[in-house]
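The values are calculated or read from the model by the stated rules, or taken from the named source; none is laboratory data. As the structure is a prediction and not an experimental result, all values here were calculated from the model. Methodologically, a virtual Cβ is constructed for each residue, glycine included, from the backbone with ideal geometry; neighbour enumeration extends over all protein chains shown. SASA here: full protein model, heavy atoms, side chains in, ligands and nucleic acids out. Shrake-Rupley method; radii C 1.70, N 1.55, O 1.52, S 1.80 Å.
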Amino acid sequence: MIKSILLLVVLAVAAVLLYAATRPDTFRVERTASIRAPAAKIHPLIADLRQFNTWNPYEKKDPNLKGRYRGASSGPGAGYDFEGNKDVGRGSIEIVESAPPTRVAMRLDMLAPFEAHNLVEFTLAPRGEATEVTWSMRGPSPFIARLVGVFMNMDRMIGRDFEAGLANLKAIAERP
């Protein structure tokens, strides 16, 4: 009986490991919101990290967050180093490209709670009197991340934060 249970446990673990190994080795999370403001008004709220952090949901997850701005005040070279609680982690974000008023790209380097190096992109597309703003993040998905992904829906977890951030951005950008 014990051998049968042990065999079932070993088979279940092996099945989970094999399934994780078949998952994609890259990931992409993306959310979009329609904001009733011109792209030229929204772009500076993203391309300036001080403005970005007024609506960034991760900035609100830790009231004791320690952050330090570096480099340019906005655009390529603008950087922000942060250290926060378990919901925020420790790392840095730096703007690597800014094409007003349609695009901002950032490099996000996480050091804790796990190491990760991802590309964050914002695209702004005019749609009549509104602007469609898309926030995306992509990067490699090492085996451990794929294994965790078997039990936790990372798209939903990160996506919720992106949705909250876009709602915050919308509230600021739509003010008269």
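Identify all residues within the range 55-72 that are of a type in the set (Lys, Arg) and not in a loop (DSSP other than H, G, I, E, B); write none if there are none.
If the condition is that a residue be of a type in the set (Lys, Arg) and not in a loop (DSSP other than H, G, I, E, B), then 60, 66, 68, 70 are the ones that fit.
I'd like to check something: does the range 45-68 contain any residue that is at pLDDT below 90 and either on the phi > 0 side of the Ramachandran plot or of a type in the set (Gly, Ala, Ser) (or both)?
no
Run down 78, 112 and say which single residue is in contact with a Gly (Cβ under 6 Å, 6 or more places away or on another chain), without any contact (Cβ under 8 Å) to a residue 60 or more places away in the chain, farther than 28 Å from residue 36 by Cα and of a type outside the set (Phe, Trp, Tyr).
Of 78, 112, the one residue that is in contact with a Gly (Cβ under 6 Å, 6 or more places away or on another chain), without any contact (Cβ under 8 Å) to a residue 60 or more places away in the chain, farther than 28 Å from residue 36 by Cα and of a type outside the set (Phe, Trp, Tyr) is 112.
For the range 36-54, which residues satisfy the criterion of being within 15 Å of the chain's Cα centre (by Cα) and farther than 12 Å from residue 122 by Cβ?
If the condition is that a residue be within 15 Å of the chain's Cα centre (by Cα) and farther than 12 Å from residue 122 by Cβ, then 49, 53 are the ones that fit.
Out of 12, 21, 40, report the one residue that is open to solvent by less than 60 Å² (accessible area, probe 1.4 Å) and in contact (Cβ under 8 Å) with a residue 12 or more places away in the chain.
21
Residue 86 is checked against (1) in contact with a strand residue (DSSP E or B) (Cβ under 8 Å, 6 or more places away or on another chain); (2) under 28 Å from residue 23 (Cβ atoms) and fails just one. What number does that condition carry?
That leaves (1) as the condition not met.
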